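Visitor: Have a look at this one.
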Amino acid sequence: MLFALRNQLLRATALGALVVGAACGGSPAATGASGTAAPAAHSSAAASGQTYTIKYAVLLTPNDPIGQAANEFKDLVESRSDHRISVQVYLNGALGDGPSEISQAQSDAVQVIQASPAFVTQWVPQVGAVNIWFSVPNDAGAIKAVNSDAFSKWNDAIRTKAGLRVLAWEDFGMYAIETKKPIRTAADLKGLKIRSTPDKYVQLTLRSLGAVPTVVPFPETVTDLQTGVLDGDIDPIVSALKTSEYQVAKYITIVNGGWGPALILMSDKFYQQLPPDLQKIVIQAGKDAADHEAANYASQEKQALSDLASKGAVLYTLPAAERQSWIAKVQPVYARFKKDTGLSVDQIVPKTQ
């Protein structure tokens, strides 16, 4: 869940181990595509020429479309650079949670990360517009919006203010609501403890709909649903299947409200060390891996809908009239966003179909 992306607790000990290892010239063992230990970052070949190593940190699993896209990026970069760049992929949050990954990428301890946009809004709050429910019509429209010329200045702002270069936006689908009881109207959400991302606008959205937003680490979600800490979750369809969350929250309401994106971010410090030809390679590989991920996710989502139904999940698509009533209820979120940023959501997210 990206936005799984998205909400684990800081693993101070893991980060400390990484810093100590870096100071001693070492690095933690990678669990990447090859399963081999990672060489030291920015290692040099003999006098024949400079070689580089990218550590790519991903919060999700190898069978998730975003985890698969990380390995696609690895293959593309290594082949196109004639192995002048090697890529080590660390999955399952092996190098820390979202905020930890951000700080490591800023310092160039990790060169590429997959992260929720919620983690960069402290520098560029305008990016939070894409997390506001009903700001985009669907995930295809969302990808078109963030790749538009109008949105490019916000991607540039992430680089200048946070030191992180946006290689691409990845599509993690539209959020559904998975709960222990059926949800047919917003009134059914009243008082339910629903897992939320750290994004304040997502939390305000859930409050506007009557729910109690509850931020818990992603790996704890199923356990917290079982023990009653949570009554439900917001999550894309594919993730609901792959985490087996449907076994404890079988009622899945398809809202087509909030979009679940992830960013492929590169340390700008690392990027600036690359020669121009390798800079072009990593930029294009990021775009190509994201395109692969979007197509992969769309295919997996269709299959997930079928699989969930066959496994006993109860799927319900919110009718258009009821969806409009939800849109009306979340208008305070739009007002708060404009108060915070001085811009309306429509001024940041181009209207798409």
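Visitor: Pairs K250/K302; K287/K351; K144/K181; K161/K287: which are spaced more than 24 Å apart, C-alpha to C-alpha?
Guide: Details: K250/K302 18 Å; K287/K351 22 Å; K144/K181 35 Å; K161/K287 22 Å.
Over 24 Å Cα-Cα: K144/K181.
Visitor: Please report the net charge: other residues with Cβ closer than 9 Å to the Cβ of G210, K and R +1, D and E -1.
Guide: That works out to +2.
Visitor: In square nanometres and to one decimal, what's the mean projected area of the convex hull around the Cα atoms of the chain?
Guide: On the way: hull surface 68.4 nm².
It is 17.1 nm².
Visitor: I need the peptides 153-159, 182-188 ranked by packing, meaning the mean over residues of other C-beta atoms within 10 angstrom, with the highest value on top.
Guide: On the way: 153-159: 17.0, 182-188: 15.3.
Peptide ranking by packing, descending: 153-159, 182-188.
Visitor: Can you give the helix-only mean residue ellipticity at 222 nm for the chain, where every DSSP H stretch with n ≥ 4 adds -39500 (n - 2.57) and the sum goes over all residues, rounded to the nearest 500 deg cm²/dmol? If you can, show how the numbers build up before the last one.
Guide: Working: 13 runs with 145 residues, N = 353.
Per the formula, -12500 deg cm²/dmol.
Visitor: Let me ask you something else. When the label point is put 7 Å from the Cα of A309 along its Cα-to-beta-carbon vector, which residues of the range 242-273 have a backbone N closer than 15 Å?
Guide: Counting only backbone N, you get 252-254.
Visitor: Take peptides 116-122, 165-171, 198-204 and line them up by average Cβ neighbours within 10 Å, highest first, as a rough protection proxy.
Guide: Values: 116-122: 23.1, 165-171: 25.0, 198-204: 21.4.
In descending order of packing, they fall as 165-171, 116-122, 198-204.
Visitor: Per-residue counts of other Cβ atoms within 10 Å, averaged by peptide: what ranking do you get for 279-288, 56-65, 231-240, highest first?
Guide: Values: 279-288: 19.0, 56-65: 23.8, 231-240: 26.6.
Ranking, from highest mean packing down: 231-240, 56-65, 279-288.
Visitor: Further question: Only bridges whose two residues both fall in the chain count here: according to DSSP, what percent of them are antiparallel, nearest 5?
Guide: On the way: 22 of 39 bridges.
Taking every DSSP beta bridge within the chain, about 55 percent pair in antiparallel fashion.
Visitor: For G173, which sequence-distant residues (separation of 5 or more, or a different chain) have an amide H within less than 5 Å of its own amide H, given hydrogens modelled in the peptide plane?
Guide: G260
Visitor: For T214, enumerate residues with amide H under 5 Å from its amide H, sequence gap 5+ or separate chain, H modeled in the peptide plane.
Guide: Excluding prolines and chain starts, which carry no amide H, the hits are I194, R195, S196.
Visitor: Normalise the Debye intensity by I(0) for the range 212-353, one equal point scatterer per Cα, no solvent, then take log10 at q = 0.09, 0.11, 0.17 Å⁻¹ and round to two decimals.
Guide: With no solvent term, the Cα-only Debye profile gives -0.44, -0.66, -1.20.
Visitor: Now for a separate question. What list of ³J(HN,Hα) couplings, whole Hz, do you get for the range 106-119 from phi and the Karplus terms 6.51, -1.76, 1.60, once you set θ to phi - 60° and write x for glycine and proline?
Guide: Ordered by residue, 3J(HN,Hα) equals 5, 8, 6, 6, 10, 9, 9, 9, 9, 8, 6, x, 4, 7 Hz.
Throughout, read-outs are computed from the coordinates displayed, never taken from laboratory work. Since we're looking at a predicted model, the values are computed, not measured. Neighbour counts run over all protein chains shown; Cβ positions are idealised from the backbone, glycine included.
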